[in-house]
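> Sending over a structure as structure tokens; questions will come in a sec.
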Amino acid sequence: MEKIFKGESMDKFKDLVKIFFTIFGSLIGFFLGDLDIFIYSLTAFVICDYISGIIRAGFERKLSSKIGFKGILKKIMIFIIVGIANICDKNLIKNQAMIRSSIIFFYIANEGLSILENALAMDLPIPKKLKILLEQFKEEK
């Protein structure tokens, strides 16, 4: 067993891991488009929303692994939609990121509102105008 993790076998394993992550990263980059400030911002908002949702659930004593898993699936779906938008841009609009950018801006705004909702549910102060905006969105749902 020790021999597996020493010497040549370990070097081969490391090389395979590097190859896997290179291929995986290339595919993600191709699918999502440029790893620009929009994707970085969306990723930050998605992560912050997920974390704020967990914090809120803990605050309300409603932590659930099933709900958490559903949340992860929803976040993955956001990136699938961004990827599809990127493919549409590349094939329909030819090298412009109009659809992709619009989708990303929509989800950044949506995640931002969700973060604010989580803060509001925990009795944290938020600006009055944003509170009114959140109430309007709740009524539309």
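> What's the FRET efficiency of GLU140 with CYS48 using the Cβ-Cβ distance as r and R₀ = 25 Å, to the nearest 0.05?
About 0.60, to the nearest 0.05.
> Mind checking which of VAL46, VAL82, VAL17 has the largest fluctuation in a GNM of the chain, springs on alpha carbons under 10 Å?
Residue with maximal mean-square fluctuation among VAL46, VAL82, VAL17: VAL17.
> Once you charge only the Cβ atoms, +1 for Lys and Arg and -1 for Asp and Glu, what is the size of the charge dipole of the chain about its Cα centre, to the nearest 20 debye?
280 debye
> Here's a follow-up. Connecting C-alpha atoms closer than 10 Å in a GNM of the chain, tell me which of PHE20, PHE45, PHE30 has the biggest fluctuation.
It is PHE20.
> Name the most mobile residue of GLY53, GLY29, GLY83, meaning the one with the largest mean-square fluctuation, in a Gaussian network model of the chain with Cα contacts below 10 Å.
So, out of GLY53, GLY29, GLY83, the one fluctuating most is GLY29.
> Continuing with this model, one more query. Taking only C-alpha pairs under 8 Å that are 6+ residues apart, what is the relative contact order of the chain in percent?
Here the relative contact order equals 27 percent.
> Okay, moving on. Under 22 Å between C-alpha atoms is the cut-off here; go through region 38-141 and count lysine pairs that meet it, provided they're at least eight residues apart or on different chains.
17
> I would also like to ask the following. Sort LEU63, LEU116, LEU134, LEU124 by Cβ crowding within 10 Å, fewest neighbours at the top.
Lowest count first: LEU124, LEU63, LEU134, LEU116.
> Between ASN110 and LEU27, what is 0.36 nm times their sequence separation minus the Cα-Cα distance? Round to one decimal in nm.
Extending this stretch completely gives an extra 27.3 nm.
> I'd like the orientation of helix 98-121 relative to the chain: the angle between its Cα long axis and the longest Cα principal axis, in ° from 0 to 90, rounded to 10.
60 degrees
> Another question about this same structure. Does region 53-141 come out rounded, prolate or oblate, given a ≥ b ≥ c as the square roots of the eigenvalues of its C-alpha gyration tensor, rounded meaning a/c under 1.5 and, failing that, prolate meaning a/b above b/c?
Note, shape of region 53-141 comes out oblate.
> Here's something else I'd like to know. Treating cross-link reach as a plain straight distance, find the lysines whose alpha-carbon is under 20 Å from the alpha-carbon of LYS12, omitting any fewer than eight places away in the same chain.
LYS3
> Estimate the FRET efficiency between LYS70 and ILE19 by the formula 1/(1 + (r/R0)^6), using the beta-carbon distance for r and 35 Å for R0, to the nearest 0.05.
With a Förster radius of 35 Å, E is 0.60.
Each value in this text was obtained by applying a stated rule to the coordinates, not by laboratory testing. Every value quoted in this text rests on a predicted model; they were computed, and no experiment measured them. Cβ coordinates were reconstructed from backbone atoms using ideal geometry, including for glycine residues, and neighbour counts include every protein chain displayed.
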